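This is the structure, below, for whatever I ask next.
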Amino acid sequence: MMILRFADPWFLGLLILIPLLGIWYFRARSGRGATIRFSHLRFLKEASTPSAVRARHVLFIMRLAVLALLITAFARPQSGIRGEDVITRGIDVVLAMDISSSMLAEDITPNRFDASRAVAADFIRGRTNDRIGMTVFAGQAYTQCPLTIDYGILLGFLDELYIGMIEDGTAIGMGLATAVNRLRNSEAKSKVIVLLTDGRNNRGEIDPLTAAQTAQAFDIRVYTIGAGSRGTAMYPVQDPFFGKRYVPMQVDIDEPTLKRIAEMTGGQYFRATDRESLAGVFREIDAMEKTKIEVRQYTRYAELFLWLVAAAVLLLTCEVVLANTRFRKIP
């Protein structure tokens, strides 16, 4: 955005001299008279023409223009360009996803696993300026995608997940510890883990609370999500004789441990019993962990008075040349 200003605008008050000098000049010229005696009118006609006399006013107008340019130059006109610097304080986020076989239960449409992937994808697409990574766990845990700002690659890794890619079980402690390991060297202003599971820890060498203590030591905030309805849920199984059939499965989420993990690290525990509440949980986490953006506005000014001085000098030069050539007075 272009801005024009005067650094010393009080000099512009001197411009009042321009019309005053013009009035003085033309009144003085109109009151001036003279008589010259000629023996014949032929000599008067040859002396000058009325148009040449009128053209001499151009010299005075040029002097006024020079004066106006110099006064404006003294006011120091400046042109400025306004801009802004956007400073972002990014957040490093790791999604720790449970991919144990129990995630196939269909109490969350279409099942816990596919619903979790879908809302996680929406969460990723909604972030800006943040590095996001992903770890997965079942009987073991590993990093599916390191911290990145290339959300397209991350979404591709998320789409490649499937139940059975890791031996079965629920190693919540290992999943959390793996996520902490991805963040322990992070220099981000805020470090966050979103841990989603539908069960209780039954595998792995690291206890969930021990992993939470490690997260606490590295100032990592953990949001825990328990995915699953209350009571029983229908779980699909493959029968060698009847094909796919459903059996009821008791929902067994270790809420006390998940709540304790969140409490120890300054996060929050959420329970998602259906697709809508699961999406709402991710939206709430997204709102709480927004990247801070600072905007610093500035204006850069460039001096313009040299252009006006140059124009005044050029115009003055023209006036002097014309005064000594075309409009030179005869002594």
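Where a number appears in this text, it was derived from the coordinates with a stated rule and is not lab data. What you see is a predicted model, and the numbers here were worked out from it, not measured in a lab. Note that we place each Cβ from the backbone using ideal geometry, even for glycine, and neighbour counts take in every protein chain shown.
Which aspartates and glutamates does residue 244 reach when only Cα atoms under 16 Å apart count, and residues fewer than 8 places away in its own chain are ignored?
106
Calculated FRET efficiency, residue 185 and residue 286, Cβ-Cβ r, R0 22 Å, to nearest 0.05?
That gives a FRET efficiency of 0.35.
In Å and whole numbers, how far do the C-alpha atoms of region 209-299 stretch along each principal axis, longest first?
Here the spans come out as 76, 36, 22 Å, largest first.
Run through region 186-241 and list the trypsin sites (Lys or Arg not before Pro) located in a DSSP loop whose Cβ has at most 13 other Cβ atoms within 10 Å.
189, 230
Taking Cα pairs under 8 Å and at least six residues apart, what relative contact order does region 91-290 come out at, in percent?
Averaging sequence separation for qualifying contacts and normalising by length gives 24 percent for region 91-290.
Just to confirm a number: summing +1 for Lys and Arg and -1 for Asp and Glu over residues other than residue 278 whose beta-carbon lies under 15 angstrom from that of residue 278, what do you get?
Net local charge, residue 278 excluded: -4.
Normalise the Debye intensity by I(0) for region 65-153, one equal point scatterer per Cα, no solvent, then take log10 at q = 0.20, 0.21, 0.22, 0.23 Å⁻¹ and round to two decimals.
Computed log10 I(q)/I(0) values: -1.01, -1.06, -1.11, -1.15.
How large is the convex hull of the C-alpha atoms of region 91-290 per residue, in Å³?
Taking only Cα atoms, region 91-290 has a hull volume of 104 Å³ per residue.
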